[in-house]
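Here the structure is laid out as C-alpha cells; the discussion comes afterwards.
The numbers here are math on the coordinates, done by the rules we state, and not lab data. From a predicted model like this one, the values you see are computed outputs, not experimental measurements. Quick reminder, even Gly has a Cβ in these numbers, built from the backbone with ideal geometry, and neighbours come from all protein chains shown.
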Amino acid sequence: MTESTTIRWEQDDTGVVTLVLDDPNQSANTMNQAFRDSLAVITDRLEAEKDSLRGVILTSAKKTFFAGGDLRDLIRVTPETAQELFDGGMAIKRQMRRIETLGKPVVAAINGAALGGGYELALACHHRVALDAPGSRIGCPEVTLGLLPGGGGVVRTVRLLGIADALLKVLLQGTQYSPRRALENGLVDEVADSREELLAKARAFIDAHPESAQPWDRPGHRIPGGTPANPKFAANLPAFPATLRKQTNGAPYPAPRAILAAAVEGAQVDFETAQVIEARYFVELAAGQTSKNMIQAFFFDLQAVNSGANRPKGVEPRKVGRVAVLGAGMMGAGIAYSCARAGIDVVLKDVSPEAAARGKGYSEKLCAKAVAKGRTTREKADALLARITPTAEAADLAGCDAVIEAVFEDTALKHKVFQEIQDVVAPDALLCSNTSTLPITALAEGVERQGDFIGLHFFSPVDKMPLVEIIKGERTGDEALARAFDLVRQINKTPIVVNDSRGFFTSRVIGHFLNEGVAMVGEGIEPASVEQAAAQAGYPAKVLSLMDELTLTLPRRIRSESRRAVEEAGGTWTAHPAEAVVDRMVDEFGRPGRSGGAGFYEYGEDGGRGALWPGLREHFTKPGYEIPFRDMQERMLFSEALDTVRLLEEGVLTSVADANIGSILGIGFPGWTGGVLQYINGYDGGLPGFVARARELADRYGERFTPPALLVEKAEKGETFTDAR
Ligand code: NAI
C-alpha cells in the first residue's frame with residue numbers, strides 16, 4: 001500500500017480522527033496526483049478502522065483549506081486525453097462518496113479559503129464549520145474559468161440547496177462568499193471566530209450526531225424546491241434560460257449552459273447517475289477551447305501581471321504614504337477615493353476650495369452607499385473620508401511622496417500644474433499623469449525630474465475598474481516604473497505596463513472596435529443589428545452606445561491629432577470609413593453623444609438612454625443590405641486583435657499577458673476569448689486559421705484587416721503568442 005503523503009492522520013484517544021490536509025511540496029493543497037493517491041489510502045484506512053472511530057474532522061495545515069484542481073493539468077486536457085480526465089475524476093468522486101457513506105460523522109473544519117475543489121470536498125462532509133478568517137472565501141468559481149465544479153459540486157449543491165438556489169447563488173455566477181455570507185446563503189452550517197472554536201464546534205457535531213448520513217442518503221429525501229418532474233417547479237423552469245441569456249448576453253460561454261444542464265438533468269436521476277452526468281459535462285468543458293482561454297487569462301496571465309513579471313527587478317518595494325491628486329473632476333475624485341480606501345492619505349487639489357470639496361463629495365457618496373448596503377461600517381467609512389483633504393492651495397501638498405495629475409486633457413495646462421507643485425512635494429516624489437491620450441514623453445518635458453515622470457492611466461469609474469495602464473516615457477527611470485507598479489498594487493488594482501505611444505495600448509485598440517461598429521452603420525447595416533453583434537460577441541457594452549458615452553467629438557479630436565502627427569512625420573493618413581459617419585453625426589445632425597443629449601441613441605431629459613435614433617435608418621441604412629453576422633462580430637474582434645499585434649511589433653506592448661489582461665479588464669474585450677492575443681491563439685485553425693480569415697476580411701472589407709508581418713511569421717513558424725519568461 002502506498003502512503004498518504006498529503007493527508008495526515010491524527011487520532012485522539014476518544015476515537016476522533018483529524019485528517020490534516022498538508023501537501024509538503026506546495027504552499028496550498030491541490031487535487032494533484034499525490035492528493036489522489038493519499039485520498040485512496042486514507043479512504044481504505046477509514047473503512048478498515050471505522051468500528052474504532054467516532055468521527056472524522058477534515059481540516060488543513062495551510063493558510064487555505066484546499067485550493068481545488070490543478071489548473072496546469074486542466075489547461076493541457078485535449079479531446080484525446082479527456083477519457084483519462086473522466087476516469088480520474090470519477091475515482092475521486094467514488095472516494096468522496098465512500099467517506100460520506102462511512103456511517104460516521106464527518107465534519108469539514110474550513111480554516112481558510114475553500115473554493116472550487118476545496119468547497120466540493122467540504123460538501124462531501126456532513127457538516128461544515130468555517131473559520132471567519134479575513135479574506136477567506138467560499139464558493140464554486142469554476143464558471144469564471146469556463147468550467148463547472150466537477151467534483152460533485154453540482155450534484156451536491158442541487159441536493160443541499162435546491163436547483164434554483166444552487167444555480168443562482170452558487171453555480172452560475174461563481175460568487176465567492178465571505179464565511180458569514182456563506183452561512184447566510186446556506187453554503188456552510190456554522191461559523192467560528194477562532195481555530196479552537198472551529199475544532200470545538202466540529203467535535204460538538206460529532207458528539208451530537210454519532211451516525212451521520214447526508215440528507216440525500218436518508219429515506220424520503222426530496223430536493224428542496226422540487227425537480228422538473230414536479231409541475232410547479234416545471235412552471236419556473238423557463239426562467240433559467242432567461243437568466244442565462246442575461247448572464248452571457250448570448251455570447252459563446254459554454255459553461256453556464258453546461259451547468260444548467262448538469263443541474264437539471266442530475267436532479268431527475270439517482271445520485272450516482274447524476275455524478276456521471278456531471279463528469280461528462282465537466283470533461284466536455286475542460287477539453288474545449290473556452291476554458292483554456294479563460295484559465296490562461298484569469299489564472300496564469302493575471303497572476304503573472306499582478307506578481308510583477310513586468311516590474312523592474314532589484315528595485316526595493318516602496319509604499320506611498322501621502323498622495324497628491326491634482327484635479328478633483330470625475331477621474332481625480334475616483335482616484336482619491338481608491339487611494340483613501342487603501343489607507344493612503346490624499347490631498348485633493350482643484351482650482352477652488354468648492355471644486356475640491358465637490359471632488360471629496362464623490363467619496364462621501366460612495367461611502368454612504370457602502371454603509372447602507374452593509375459593505376462597510378460607519379467608522380471605517382469615516383476613517384476613509386478623514387484621509388482625504390480637499391484644498392486649492394499648492395502649499396498643502398508638502399510631504400506628498402506621489403502625485404497623480406487628472407486635470408483637463410491639455411498639455412499646456414498639465415505642464416503648468418506640475419510647475420506649481422514640483423518644488424512643494426517631497427523632493428523624490430513620483431510624478432504621474434492620468435492622461436488618456438497625450439504622449440508621456442512630451443508631458444514629461446514640463447517637469448524638472450523627467451526620470452520620475454510616468455503615465456498612470458485609470459479607467460472610469462475608477463472605484464469599479466480594476467485596471468491601471470502604466471506608461472513608460474522615453475526618459476522614465478526603472479525606479480519610477482517600479483514605484484508606479486507598487487502604487488497600483490497598493491490600491492489593489494492590476495497594473496499593465498506599456499511603452500509610450502499615441503493612445504498607448506488601451507485607448508488605441510478600443511478605437512478600432514468603435515470605428516468598426518460605426519463603419520458598419522455607414523455601410524448601410526441596420527444599427528440594431530450592429531449592436532446585437534457586439535453583444536453576442538461578448539462585449540460588455542454595445543458598440544454604438546459606448547461611442548455615445550465617450551462622445552463622438554473625442555475620436556474626432558484624437559483623429560486630427562493623430563493625423564497631424566502622421567503627416568508631420570512624412571506619412572500619409574489613411575481615412576477610416578467610420579470618420580465620415582462621425583462627421584455627419586456631429587456636423588450635419590448635431591448629435592455628439594450622450595453628454596450632448598443626442599447621439600446614435602436618443603436621451604431623455606434625465607440623461608437616460610432611449611431608443612436608437614430613427615434618423616440612422618433614414619440617413620444610413622440600406623434596406624435589405626446585410627453581411628454575415630459572423631463577419632460583423634469578427635470585424636470588431638479582429639480589428640482589435642490585429643492592431644494589438646502591430647503594437648507588439650512597434651514595441652509599445654512587451655508582454656502577451658499584459659495585452660490579454662489589459663484588453664479584458666480595461667476595454668471590455670470579451671472574456672471567453674482569454675484576451676486579445678489569446679483570441680488569436682485559440683482561433684479555429686490556430687494562427688494560420690486566423691491569418692487566412694484576416695485575409696478574407698481584408699478582401700471583403702478593407703486593407704486594415706491585412707495581417708501584420710509578425711503574425712504571418714509566427715503562423716508560418718507554428719508559434720503562438722506567449723511570454724518567454
Ligand atoms: P474633468 O473635467 O471631470 O475634471 C478635470 C478637473 O480638473 C476639474 O475639476 C477642473 O476644475 C480641474 N482643474 C483644471 N485646472 C486645474 C488646475 N490648474 N489645478 C487643479 N485642478 C484643475 O475631467 P476628467 O474626466 O476627470 O479627466 C481628467 C483627466 O483624466 C484627463 O486628462 C482625461 O483625459 C483623463 N482620463 C479621463 C478618463 C475618462 O473616462 N473621463 C479616463 C482616463 C483618463
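Side notes on the structure shown:
- Placing a label point 7 Å from the Cα of THR572 along the Cα-to-Cβ line, the residues of the stretch 688-704 whose backbone N sits under 19 Å from it are 702-704.
- Alpha-carbon centroids, the stretch 507-550 and the stretch 226-304: separation in whole Å: 29 Å
- If R0 equals 41 Å, the separation of the Cβ atoms of LEU385 and ALA309 corresponds to a calculated FRET efficiency of about 0.70.
- Karplus-derived 3J(HN,Hα) values for the stretch 608-613, using 6.51 cos²θ - 1.76 cosθ + 1.60 with θ = phi - 60°, are x, 6, x, 8, 4, 5 Hz; glycine and proline are entered as x.
- Cα convex hull of the stretch 1-118, projected area averaged across orientations, nm²: 7.6 nm²
- Where only C-alpha atoms are counted, convex hull volume of the chain per residue in Å³: 187 Å³
- The stretch 1-95: GluC sites (Glu not before Pro) in DSSP coil with no more than 10 other Cβ atoms inside 10 Å: GLU3
- Remark: spin-label model distance ASP684-GLU474 equals 4.6 nm, labels positioned 7 Å along the Cα→Cβ axis.
- Simple label model, 7 Å out from Cα along Cβ direction - LYS622 to THR720, nm: 4.0 nm
- Of the residues TYR625, TYR601, the one with the fewest other Cβ atoms within 10 Å heads the list, and the complete ranking is TYR625, TYR601.
- When you count the other C-beta atoms within 10 angstrom of each residue and take the mean per peptide, 502-510, 218-226, 205-213, 108-116 line up highest first as 108-116, 502-510, 205-213, 218-226.
- Label point 7 Å beyond Cα of GLU523 along Cβ direction - residues of the stretch 623-644 with amide nitrogen under 16 Å: 623-640
- When the C-alpha to C-alpha distance is required to be over 29 Å, the pairs from LYS201/LYS232; LYS414/LYS472; LYS319/LYS360 that qualify are LYS201/LYS232.
- Inter-label distance, ALA91 to ARG584: 6.6 nm, where each label sits 7 Å from its Cα along the C-beta direction.
- Helix-only mean residue ellipticity at 222 nm for the chain, each DSSP H run of n ≥ 4 adding -39500 (n - 2.57), per residue, nearest 500: -14000 deg cm²/dmol
- Set of aspartates and glutamates with alpha-carbon distance to LYS104 below 16 Å, sequence-local pairs under 8 removed: ASP12, ASP44, GLU47, GLU49, ASP51, ASP207, GLU211, ASP217
- Those residues of the stretch 121-162 whose amide nitrogen sits under 18 Å from the label point placed on GLU272, 7 Å along Cα→Cβ: 152, 155-156
- Kirkwood Rh in Å, taken over all unlike Cα pairs in the stretch 557-716: 18.2 Å
- Length gained on full extension, GLU10 to ALA709, computed as 0.36 nm times the residue gap minus the Cα-Cα distance: 245.5 nm.
- Taking the chain and dividing mean pair separation by its residue count, relative contact order in percent (alpha carbons under 8 Å, at least six apart): 9 percent
- Residue order, fewest to most surrounding Cβ atoms within 10 angstrom, among SER595, SER436: SER595, SER436
- Residues of type lysines that LYS246 reaches as a straight line, Cα spacing below 22 Å, ignoring anything fewer than 8 places off in the same chain: LYS169, LYS464, LYS542
- In a fully extended conformation the segment linking GLU696 and ARG72 would gain 221.1 nm over its present Cα-Cα distance, using 0.36 nm per residue.
- Taking the average, over residues, of other Cβ atoms within 10 Å as the packing measure, peptides 579-590, 558-569 rank 579-590, 558-569 from highest down.
- Largest first, the three principal axis extents of the alpha carbons in the stretch 127-282 are 48, 38, 27 Å in whole numbers.
- Rounded to the nearest 20, the size of the Cβ-charge dipole of the chain about its Cα centre is 1220 debye, with Lys and Arg at +1 and Asp and Glu at -1.
- Rel. contact order, % - alpha carbon contacts under 8 angstrom, at least six apart, the stretch 656-718: 22 percent
- 11 Å beta-carbon shell around LEU430, net charge (K/R +1, D/E -1): -2
- Principal semi-axes in Å for the stretch 471-592 [√(5λ), Cα gyration tensor, largest first]: 32, 21, 12
- Partners for LYS493 among aspartates and glutamates (Cα-Cα distance below 14 Å; same-chain residues under 8 apart left out): ASP463, GLU469, ASP658
- Separation of the stretch 377-452 and the stretch 186-222, taken as the distance between their Cα centroids, equals 55 angstrom.
- ALA368-MET330 FRET efficiency (beta carbon distance; Förster radius 22 Å; 0.05 resolution): 0.75
- Sorted ascending by nearby beta carbons within 10 Å, beginning with the fewest, ILE277, ILE259 become ILE277, ILE259.
- From the alpha carbon centroid of the stretch 129-173 to that of the stretch 594-658 is 36 Å.
- Across the stretch 307-362, the convex hull enclosing all Cα atoms gives 103 Å³ per residue.
- Full-extension gain in nm, GLU196 to ARG609, via 0.36 nm per residue minus C-alpha separation: 143.2 nm
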